[in-house]
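The values are calculated or read from the model by the stated rules, or taken from the named source; none is laboratory data. Please read these numbers as outputs of a predicted model, since none were measured by experiment. With ideal geometry, Cβ positions are generated from the backbone for all residues, glycine too; neighbour counts draw on all protein chains shown. What goes into the accessible areas is simple: the full protein's heavy atoms, side chains included, and nothing from ligands, DNA or RNA. Shrake-Rupley method; radii C 1.70, N 1.55, O 1.52, S 1.80 Å.
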Amino acid sequence: STMRERKTTDPLHPADPLHSSTDLSEGKEKLRLKQEVSLISGVSLIAGTMIGSGIFMSPEWVLHHMGNPASSLLIWAACGLLAMFGALSYAELGTIIKESGGEYIYILRIFGSFPAFLFAYTSVILVRPAGLAAVCLSFAEYAIAPFYPGCSSPQVAVKCTAAACILILTIINCLNVRLATSVMNIFTAAKLLALLVIVVGGLVLLANGQTQSFQNGFQGTTAGVGAVGVAFYQGLWSYDGWNNLNYVTEELKKPEVTLPRALMIAIPLVTCLYLLVNVSYLAAMTPSELLSSGAVAVTWGDKVLGSWAWLISLSVALSTFGSSNGTFFSGGRVCYIAAREGHMPDILSMAHVRCLTPSPALLFTSAMSLVMIISGSFTTIVNFFSFMAWLFYGMTISGLLYLKIKKPELPRSYRVPIIIPIIVLMAAVYLVLAPIIDQPQIEILYIVLFIFSGVLFYFPLVHFKCHPRFLQTVTLHLQLLLEVAPTTRDAN
């Protein structure tokens with residue numbers, strides 16, 4: 001069938017592989033994705049995805065909503081702590097349910113098919129492509145800025161560059177997992193070096209006595225729950241990616257060890273860097289200069305590096321490209337895993353017979369991202385991306401609490417103290433409800449309606465399995481064209 005039938009088993013103990021590779025030829029070894037992601041690559045995937053456009057574009061928005069430097073720094077620290085708590089909670093889930101797919105697979109195994117389908121439907125069609133489009137647009141802005149000195153870049157040029165970025169990432173990720181992880185490692189090293197330049201520059205400015213931005217630091221703090229929630233959205237956008245390793249669990253070497261270790265190395269490292277970079281921005285600029293900047297890192301470069309300021313534009317372009325690669329690498333896996341479970345067309349669950357990459361899922365994610373590039377503003381995408389993301393993060397964390405209370409006997413190599421997921425769940429509820437209560441917007445209603453529009457597809461296509469016959473022919477032709485075959489789960 002064009003949408004694979006799921007086996008009805010205990011949701012926390014998945015059945016044997018759903019498809020064997022006898023579809024290829026009888027007796028051949030089963031086709032599955034390789035375990036290519038080591039500890040270093042895992043740290044690079046997390047840090048490389050987290051450090052993208054956010055730290056170069058969000059500081060002015062966090063400051064705008066909080067009203068002063070000191071409280072904005074507190075927001076950045078709180079965002080880092082929340083990302084760490086969320087990641088530690090996900091680490092326990094990853095050692096209980098050792099399958100790729102992140103929130104999707106956890107919601108599926110704990111709550112069942114319907115909520116998992118709604119997550120996959122929303123994530124595959126809207127959330128992941130929108131996030132990737134936003135990062136690629138940021139890359140394009142910085143990449144072509146040197147060609148248009150003294151004026152804003154034409155939107156056509158920006159969108160064409162962003163589209164080219166997505167196409168290059170598609171080729172890299174479809175060719176080889178090792179190539180994609182090597183790109184992540186190289187770009188992560190480059191962006192860490194760029195951030196260290198900003199940090200060192202800031203420390204020099206502070207040593208020279210440029211501390212005026214920090215005097216009366218809490219004066220004029222914003223107290224509204226909605227404003228604080230939106231400030232968190234902007235800060236957490238910069239930390240988005242803390243959960244990316246859970247999307248590729250089946251491709252990790254020794255996942256029960258690699259997953260927690262990579263999280264505990266990457267997230268504190270990124271949090272410290274973000275705080276120091278924000279301090280550096282505020283040492284070089286007054287709060288009013290930072291708010292009117294538009295491109296904070298470039299303004300910092302002009303003030304501190306002088307004629308070498310072009311290095312910052314180059315660094316931001318490299319950073320956002322590396323982040324796009326990490327987002328694309330993990331985002332394609334959600335589509336792939338959802339298709340493997342029967343919640344998406346079967347073609348999306350297949351892998352290339354030679355490259356062993358989920359190329360149909362990657363191509364679909366690429367196509368949806370190209371559609372997203374046509375329209376949308378960076379700030380709006382960030383706010384609504386965060387609203388939807390934390391809605392499902394909250395559902396996933398509540399699933400962990402259910403397992404800790406109701407099924408403590410399940411084997412797991414890592415246990416997080418129960419207070420940590422409770423804090424994350426409370427934060428998720430606040431982040432979803434605060435902007436709605438304080439400043440309700442019609443767009444949020446549209447998002448909720450889009451999520452529940454998945455009902456129209458779930459019952460006929462998944463629950464009752466009403467599949468048009470012509471789709472089977474289309475699947476077969478696509479399988480031959482793309483040289484792909486069905487895969488199995490990792491036996492572990």
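The table below gives the values:
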quantity	calculated
Only listed residue being surrounded by fewer than 21 Cβ atoms within 10 Å (Cβ to Cβ), small (G, A, S) and over 30 Å from I105 (Cβ atoms), chosen from S280, S315, S307	S307
Per-region count, region 329-355, residues part of a loop (DSSP other than H, G, I, E, B) and buried (at least 24 other Cβ atoms within 10 Å of the Cβ)	3
Cβ-Cβ under 6 Å pairs, at least 6 apart or on other chains, region 339-361 side aliphatic (A, V, I, L, M), far side at pLDDT 85 or above and in a loop (DSSP other than H, G, I, E, B)	V353/E483
Complete set of residues in region 88-118 that are under 23 Å from T357 (Cα atoms), under 18 Å from the mean Cα position of the chain (by Cα) and not acidic (D, E)	G94, S100, G101, G102, Y104, I105, Y106
Any hit, region 364-375, residues being crowded, with 22+ Cβ neighbours inside 10 Å, farther than 23 Å from H467 by Cα and touching an Asp or Glu at 6+ places or on another chain (Cβ under 7 Å)	no
Matching entry among T188, T181, T170 (being assigned to a helix (DSSP H, G or I), among the β-branched types (V, I, T), within 20 Å of V316 (Cβ to Cβ) and in contact (Cβ under 8 Å) with a residue 60 or more places away in the chain)	T188
Hits in region 40-58 (condition: open to solvent by less than 60 Å² (accessible area, probe 1.4 Å), modelled with pLDDT of 75 or more and among the hydrophobic types (A, V, I, L, M, F, W, C))	V43, L45, I46, A47, M50, I51, I55, F56
Search result, residues across region 300-324 that are within 27 Å of the chain's Cα centre (by Cα) and β-branched (V, I, T)	I312, V316, T320
Set G235, G202, G209, G241: member being open to solvent by less than 20 Å² (accessible area, probe 1.4 Å) and farther than 28 Å from L169 by Cα	G202
Exclusive hit being of a type in the set (D, E), farther than 30 Å from P358 by Cβ and in contact with a Phe, Trp or Tyr (Cβ under 9 Å, 6 or more places away or on another chain), set E409, E443	E443
Pairs with Cβ under 6 Å, 6+ apart, first in region 59-73 and touching a residue at least 24 places away in the same chain (Cβ under 8 Å) and closer than 9 Å to P287 by Cβ, second open to solvent by less than 20 Å² (accessible area, probe 1.4 Å) and among the hydroxyl-bearing types (S, T, Y)	L63/S72; P69/S213
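One line per residue, one yes/no per condition, for (1) within 22 Å of I397 (Cα to Cα); (2) touching a strand residue (DSSP E or B) at 6+ places or on another chain (Cβ under 8 Å); (3) not hydroxyl-bearing (S, T, Y):
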{"position": "V432", "(1), (2), (3)": "yes, no, yes"}
{"position": "P435", "(1), (2), (3)": "yes, no, yes"}
{"position": "E443", "(1), (2), (3)": "no, no, yes"}
{"position": "Y446", "(1), (2), (3)": "no, no, no"}
{"position": "I451", "(1), (2), (3)": "yes, no, yes"}
{"position": "L456", "(1), (2), (3)": "no, no, yes"}
